[in-house]
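No lab work stands behind these numbers, since they all come straight from the coordinates. A quick note: this is a predicted structure, and the numbers were derived from the prediction, not measured. Heads up, the Cβs are rebuilt from the backbone with ideal geometry, glycines too, and the neighbour counts pull from every protein chain shown.
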Amino acid sequence: MFPFGKSPFKGMMENIPKGMASKDMNKYIQQMISSTMSHSFPDFMQGNEFFKQAQDMMKEQQDMGAEGHGQKPRRFDSNVINTLDECIVQLKIPNRDIVSSIKVYHTPYVCTIEGIDGEESFKEEIQLPCSVRKKGTRAIYRSGVLEIRMPKHVNIPMSQIDVHDLD
């Protein structure tokens, strides 16, 4: 790809200080990449609205990760367990009175919890790691935990495709 001894990173690698800690190394690499990328992108990419939005989103995510703000607050502590036969969603609900107002729905890949404390606008969606089916799904509240057991959908239909010889 590059002629021998003509790598564009050769000069950068010689400038890396010896004995640098991993945090310092990570910071140094990020600075090098950002300085290199900002000068090498063509003008149409720098002025493009898509790339500006992507950069803004990355900055927001970094700010959220550092501060912990801006994320949608979760009402419950949830845990998803994927077994051989079932997908189990566990929600910690310490207040037993809330259980009577909860509505649980699910699609093959998402479990939705609604209507807590009369808040009909509240909706929490939990992504499921596998496809589940409706028949056999059950929810049980026990010892402060709502457990929703959904059997996996394992019947993947296979259809035969006819092969036509056009020669």
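Modelling each spin label as a point 7 Å along the Cα-to-Cβ direction, I'd like the Thr107/Lys52 distance in nm, to one decimal.
Rounded to a tenth, the inter-label distance reads 3.3 nm.
Give a quick list of chymotrypsin sites (Phe, Trp or Tyr not before Pro) in the range 94-167 that DSSP marks as loop, anything other than H, G, I, E or B, with at most 16 other Cβ atoms within 10 Å. Walk me through the intermediate numbers first.
Working: sites: Tyr105, Tyr109, Phe122, Tyr141; in loops: Tyr109.
Of the chymotrypsin sites (Phe, Trp or Tyr not before Pro), the ones in loops of the range 94-167 whose Cβ has at most 16 other Cβ atoms within 10 Å are Tyr109.
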